[in-house]
1. So what's the chain giving for Cα Rg divided by 2.2 N^0.38 Å, two decimals?
2. Taking only the alpha-carbon positions of the range 1-62 and ignoring solvent, what does the Debye formula give for the base-10 log of I(q)/I(0) at q = 0.18, 0.23 Å⁻¹?
3. Normalising by the residue count of the range 7-52, find the relative contact order in percent from Cα pairs under 8 Å and 6+ residues apart.
4. What does the extension gain come out to for residue 70 and residue 1, with contour length at 0.36 nm per residue minus their alpha carbon separation?
5. Work out how much length residue 86 to residue 13 would gain on full extension: take 0.36 nm times their residue separation and subtract the Cα-Cα distance, in nm to one decimal.
6. Tell me, in nm to one decimal, what length is gained between residue 25 and residue 54 on full extension, where the rule is 0.36 nm per residue of separation less the Cα-Cα distance?
7. Ignoring ligands, DNA and RNA, what percent of the 1.4 Å accessible area of the chain is carbon and sulfur?
8. Could you give the accessible area per residue of the chain, probe 1.4 Å, as a whole number in Å²?
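The values are calculated or read from the model by the stated rules, or taken from the named source; none is laboratory data. Every value quoted in this text rests on a predicted model; they were computed, and no experiment measured them. Keep in mind that these areas ignore ligands, DNA and RNA; they rest on the heavy atoms of the full protein, side chains included. Shrake-Rupley method; radii C 1.70, N 1.55, O 1.52, S 1.80 Å.
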Amino acid sequence: QVQLVESGGGLVQAGGSLRLSCAASRRISSFIVMGWARQAPGKQRESVAVITVDGSTNYPDAVKGRFTISRDNVQNTVYLQMNNLKPEETAVYYCNAVSAFSTTVWGQGTLVTVSS
């Protein structure tokens, strides 16, 4: 079973930037899709970025143009660059990986707090 470990969360002022990292315990090229999702207190978890094995990316409108997902197949790490953060984006951010067998693995999450 692969393990995903997120890092890079913390406290940032509104308008600021953070870069999250997700380190996998085995090669990420074996996953057809990797992504980031977030869950704010009292809300459902929502996807904020996905990247496929061939490098295609997709974002919801709420973060398009501000968030960028990337992957490093040598370091087995997926990144999420977040710019111009807003207070309402305070949440726990989770990394996930989808295998060719359609199983999904989640990391433990990293907290991002955006102050106004």
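1. Normalised by 2.2 N^0.38 Å, the Cα Rg of the chain equals 1.00.
2. With one equal scatterer per Cα and no solvent, log10 I(q)/I(0) is -0.85, -1.22.
3. 27 percent
4. Difference between extended and current length: 22.6 nm.
5. 25.5 nm
6. This chain segment gains 8.4 nm when fully extended.
7. 49 percent
8. Accessible area per residue, the chain: 53 Å².
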